[in-house]
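Below: the structure, in structure tokens.
The values are calculated or read from the model by the stated rules, or taken from the named source; none is laboratory data. Keep in mind that this is a model prediction, so the values were computed, not measured. Here the Cβ is made from the backbone with ideal geometry for all residues, glycine too, and neighbour counts use every protein chain on show.
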Amino acid sequence: MLGCIIGAKAENVVYGKAEGDIPDSILDDRTVQLAEVTVSATPVIHKVDRELYIPSNDTKSRSNDALDLLQNMQLPTLNVNTVLNTIDCAGQSVEVRINGRKVGVEQIKSINPGSVVRVEYHDSPGLRYGSADKVVDFIVRNREHGGSLMLNALHSVKSGFGNQNGDLKLNSGNSQWEVNYYGQMRLDLPVYRENLENYTFNDGSTMERIETPIGGKCDYYDMHTFVGYNYLKTDKLNAYARLYLNSGFNNELSHDGILTNDDETLPIVVHDTQRSPGFNPGLNFYLDYIIGNGQTLVFDVNGSYYKGKSGRNYIEIAGSDTLSIISTLIKDNNYALSAEGNYIKEWEKAKLTVGTQYRGYWNGAYYEFDDVKSRSREDVATIFGEYFYNIKNKLTFSAGVALTYSNVRHSDKDESSETLLVCPRLTAGYRINRASQLRLILTSNAINPTLTQLSPVLQNVDMLQAQIGNPELAPYSSYKVRLQYSYVAKRVSGQITIWGARTPRAVMDYREWNNEIDKFVTSWGNQWGIASCGVSISPRIVVIPQWLTVSGSLMFHHDYSRGCNYKHSLNSMSGNAQIQLTHWGATLTAMYQKGNKSLWGETIEEGETMSMIQLGYRWRGFGFNTGMFVPIGRYSRGTHIINRNVDIQRILRTKAVEQLAFVSVSYNVDWGRKSKNISRLINSEVDVRQSQSASK
């Protein structure tokens with residue numbers, strides 16, 4: 001579907017504070033309460049494993065919800081889009097949490113900005129965060145009695161583009177109940193794709209196929225709803241339970257086009273439609289218990305179920321002749337369970353975390369087009385330990401290692417596949433002066449193949465292409481090292497990062513001609529892998545205090561992949577820029593994003609290139625926003641396959657979000673007496689696996 005439419009105490013330095021001191025309690029990972037201070041900028045507290053940002057009262061007052069607050073805070077390297085409700089960092093996904101608990105963006109939009117104590121940004125998350133690239137954790141303050149209500153609706157003035165969300169929290173003593181609903185609507189939006197395909201056959205002959213769009217649409221409605229309960233006994237017990245339901249209705253993406261060949265045959269009419277409706281309920285339970293002497297036990301259990309379909313209909317017609325009909329339907333019936341336990345011990349200048357996690361996947365897929373049932377089971381067990389230490393309030397370091405054991409079994413095979421991966425993590429931070437910090441970071445994480453990559457069933461894509469997975473694929477590890485310099489002052493802040501990465505035995509795609517079916521077949525294998533290096537700079541400048549701020553990021557990177565009969569490289573430059581003007585309670589924001597290109601195997605993916613301008617105003621709990629998405633230029637995403645026999649360039653466009661005017665109205669109110677905060681330390685979220693039909 002379319003991307004847009006579709007530690008222990010250490011010395012800390014705080015900047016931008018107008019009066020008062022930040023209490024030492026904010027340095028404690030267990031503490032989420034901050035004394036009230038009056039600020040005119042965004043104070044920053046440096047820690048070796050994360051940055052702590054304290055939103056100013058002014059920033060809170062002109063924000064409708066916590067996602068809007070994050071955009072107004074303009075954290076370095078982060079790109080926040082409050083129209084599409086997305087957060088990313090140079091094309092990498094960003095995991096969001098509330099008091100340490102992993103959540104979706106819909107829950108971030110349910111937070112009243114006034115309840116946010118601070119925002120913790122982990123640009124190099126520790127081992128307890130699993131494979132997350134980046135983590136943004138909102139630390140919030142709840143009320144002892146009373147509650148809060150938040151409502152928001154954003155809609156286009158001319159199309160079926162919109163979002164709706166509502167949240168109700170009720171507090172009584174140690175208990176809090178919450179009901180939440182979030183809907184994302186993209187109804188009958190026109191989309192189209194442009195394809196340029198070049199094929200070279202084994203005998204040396206070539207063929208060029210050009211697909212010119214004549215129509216297409218995106219049509220779906222995603223719903224997320226949950227009921228949650230939280231029980232907190234201050235300084236002793238924190239229990240949380242959530243029953244949730246995620247549903248995708250229809251989820252259709254279709255394309256119509258005219259396909260012309262260089263052999264001067266009749267033009268071919270192409271109809272290509274994909275649908276992926278699904279139903280995903282789940283239950284999550286969390287508990288942390290303080291046993292004294294700086295010791296804490298934490299448990300997290302999550303179980304979920306997915307029932308859905310992934311279908312595709314592809315037709316090629318030349319004149320009165322039907323050249324190709326491909327009908328694919330996969331029915332999923334999948335379960336997932338995860339359980340995690342941590343032991344945390346804290347001293348004055350040190351912290352130790354040890355933990356274990358189990359993730360189990362039971363996947364059942366029925367390939368209706370081939371009358372084949374495929375069942376698999378995957379068990380993943382991890383143990384890890386990480387130690388943090390502070391030396392003379394100047395040098396801090398952490399060291400840790402995770403051991404991950406994987407066992408994969410398929411219904412049609414007697415043997416199982418076993419893998420043991422060792423993933424180390426090292427960080428070192430040096431405080432140069434009150435404004436500057438230097439950090440060296442080595443991270444690694446284990447990656448599992450997807451269901452599509454493992455599927456043993458052949459799926460036709462079109463007249464010349466097919467796809468089949470590889471059940472023999474094994475999990476693999478990725479390693480990354482970064483040297484990072486950060487500077488934070490009242491008017492100027494920023495970050496410069498130099499990095500290198502290596503992913504050996506990565507699961508990457510390759511393509512070969514198959515004589516039995518006379519098609520180019522795409523598959524996957526554990527190959528030599530990919531190596532990358534790059535540099536990025538992310539400045540933020542307060543041009544006029546409390547009036548005008550500019551921020552942005554610029555990144556250059558080089559990717560090199562080597563696999564089955566190929567070697568490819570890519571140079572890419574990407575970035576974003578944002579200007580924010582505030583006055584008289586109104587906020588004017590303009591942003592531009594140049595999509596990042598990335599190479600994996602034989603596929604180059606180009607991220608979204610977009611722009612946006614919006615004007616917002618808050619009045620007595622109401623928030624009003626209006627603006628335009630992609631006011632100038634064109635929206636696009638691209639894919640380029642660079643196989644020596646198959647060269648395909650594909651651009652996905654939609655006029656539905658070009659010059660798209662929108663209006664947003666929100667209302668939030670809270671009542672009752674404030675209380676101490678609810679914290680949550682770890683998360684064992686597990687996503688149920690989902691099959692995907694082959695497509696262009």
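Among the residues of the range 634-667, those that are among the β-branched types (Val, Ile, Thr) and under 18 Å from Leu189 (Cβ atoms) comprise Ile651, Thr654, Val657, Val663.
Yes or no: Lys480 among the basic types (Lys, Arg), closer than 29 Å to Lys345 by Cβ and modelled with pLDDT of 90 or more? The answer is yes for Lys480. Sub-9 Å Cβ pairs linking a first residue in the range 180-206 that is more than 16 Å from Leu660 (Cα to Cα) to a second residue that is of a type in the set (Ser, Thr, Tyr) and not in a strand (DSSP E or B), at least 6 apart or interchain, are Asn180/Ser110; Tyr182/Ser110; Tyr192/Thr654; Tyr199/Ser205, ordered by first then second residue. If you go through the range 575-584 one residue at a time, do you hit one that is part of a loop (DSSP other than H, G, I, E, B), surrounded by fewer than 18 Cβ atoms within 10 Å (Cβ to Cβ), hydrophobic (A, V, I, L, M, F, W, C) and modelled with pLDDT under 95? Within the range 575-584 (the criterion being part of a loop (DSSP other than H, G, I, E, B), surrounded by fewer than 18 Cβ atoms within 10 Å (Cβ to Cβ), hydrophobic (A, V, I, L, M, F, W, C) and modelled with pLDDT under 95), the answer is yes, since at least one residue qualifies. The single condition among (1) surrounded by 17 or more Cβ atoms within 10 Å (Cβ to Cβ); (2) more than 21 Å from Gly278 (Cα to Cα) that Ala318 does not satisfy is (1). Checking Thr609, Thr603, Thr589 one by one, the residue that is over 23 Å from Leu154 (Cα atoms), in contact with a strand residue (DSSP E or B) (Cβ under 9 Å, 6 or more places away or on another chain), among the polar types (S, T, N, Q) and surrounded by 16 or more Cβ atoms within 10 Å (Cβ to Cβ) is Thr603 and no other. The residue list Tyr240, Tyr286, Tyr306 contains one member that is part of a strand (DSSP E or B), at pLDDT 90 or above, crowded, with 18+ Cβ neighbours inside 10 Å and not β-branched (Val, Ile, Thr), which is Tyr306. Scanning the range 515-530 for residues that are part of a strand (DSSP E or B) and farther than 13 Å from Val646 by Cα returns Ser523, Trp524, Gly525, Asn526, Gly529, Ile530. With respect to (1) surrounded by fewer than 16 Cβ atoms within 10 Å (Cβ to Cβ); (2) in contact with a Pro (Cβ under 9 Å, 6 or more places away or on another chain); (3) under 30 Å from Ser247 (Cα atoms); (4) small (Gly, Ala, Ser), the lone exception for Ser327 is condition (2). Only one entry of Gly429, Gly529 meets the criterion of being within 28 Å of the chain's Cα centre (by Cα), on the phi > 0 side of the Ramachandran plot and either surrounded by 18 or more Cβ atoms within 10 Å (Cβ to Cβ) or of a type in the set (Val, Ile, Thr) (or both), and that entry is Gly529.
Among residues belonging to the range 109-118 that are touching an Asp or Glu at 6+ places or on another chain (Cβ under 7 Å) and outside any helix (DSSP H, G or I), point out the one that is surrounded by the most Cβ atoms within 10 Å (Cβ to Cβ). Result: Ser110.
Only residues that are modelled with pLDDT of 90 or more and buried (at least 17 other Cβ atoms within 10 Å of the Cβ) were counted in the range 532-548, giving 4. Taken residue by residue, the range 15-32 has at least one member that is farther than 21 Å from Arg540 by Cα, among the polar types (S, T, N, Q), at pLDDT below 75 and surrounded by fewer than 22 Cβ atoms within 10 Å (Cβ to Cβ).
Of all residues in the range 628-667, those satisfying the criterion of being assigned to a loop (DSSP other than H, G, I, E, B), in contact with an Asp or Glu (Cβ under 7 Å, 6 or more places away or on another chain) and buried (at least 20 other Cβ atoms within 10 Å of the Cβ) are Val630, Tyr635, Asn643. Criterion first (over 26 Å from Ser131 (Cβ atoms) and either modelled with pLDDT under 85 or of a type in the set (Gly, Ala, Ser) (or both)) does Ala402 satisfy it? It is false that Ala402 is over 26 Å from Ser131 (Cβ atoms) and either modelled with pLDDT under 85 or of a type in the set (Gly, Ala, Ser) (or both).
Would you pick out the residues in the range 164-194 that are assigned to a strand (DSSP E or B) and touching a His at 6+ places or on another chain (Cβ under 9 Å)? Answer for the range 164-194, where residues must be assigned to a strand (DSSP E or B) and touching a His at 6+ places or on another chain (Cβ under 9 Å): Gln164, Asn165, Asn171, Ser172, Asn180, Tyr181, Tyr182, Gly183, Gln184, Met185, Tyr192, Arg193.
Inside the range 496-518, residues that are surrounded by 20 or more Cβ atoms within 10 Å (Cβ to Cβ) and either farther than 24 Å from Phe556 by Cα or touching a helix residue (DSSP H, G or I) at 6+ places or on another chain (Cβ under 6 Å) (or both) make up a count of 3. Pairs linking a residue in the range 442-459 that is more than 13 Å from Arg502 (Cα to Cα) to a residue that is among the charged types (D, E, K, R) and buried (at least 21 other Cβ atoms within 10 Å of the Cβ), with Cβ atoms under 7 Å and 6 or more positions apart or on different chains, are Leu451/Arg689.
Go through the residues of the range 423-436 one by one and say whether even a single one is within 24 Å of Thr522 (Cα to Cα) and in a loop (DSSP other than H, G, I, E, B). The answer is no; no qualifying residue exists.
Within this structure, Tyr121 passes the test of being of a type in the set (Phe, Trp, Tyr), at pLDDT 65 or above and touching an Asp or Glu at 6+ places or on another chain (Cβ under 7 Å). The residues on offer are Lys158, Lys134, and the sole one that is under 24 Å from the mean Cα position of the chain (by Cα) and either surrounded by 19 or more Cβ atoms within 10 Å (Cβ to Cβ) or modelled with pLDDT under 90 (or both) is Lys134.
Every condition in (1) within 28 Å of the chain's Cα centre (by Cα); (2) under 23 Å from Ile648 (Cβ atoms); (3) surrounded by 20 or more Cβ atoms within 10 Å (Cβ to Cβ) holds for Ser493 except the one numbered (2).
Could we say that Ile330 is in a strand (DSSP E or B), of a type in the set (A, V, I, L, M, F, W, C) and at pLDDT below 90 here? Answer is no for this residue. For the range 346-358, the condition holds for no residue, the condition being that it is at pLDDT 90 or above, part of a strand (DSSP E or B), farther than 25 Å from Gly130 by Cβ and among the polar types (S, T, N, Q).
Please verify whether Thr522 is surrounded by 20 or more Cβ atoms within 10 Å (Cβ to Cβ) and touching an Asp or Glu at 6+ places or on another chain (Cβ under 8 Å), treating the condition exactly as stated. Yes. Scan the range 552-573 and tell me whether some residue there is basic (Lys, Arg) and within 23 Å of the chain's Cα centre (by Cα). Within the range 552-573 (the criterion being basic (Lys, Arg) and within 23 Å of the chain's Cα centre (by Cα)), the answer is no, since none of the residues qualifies.
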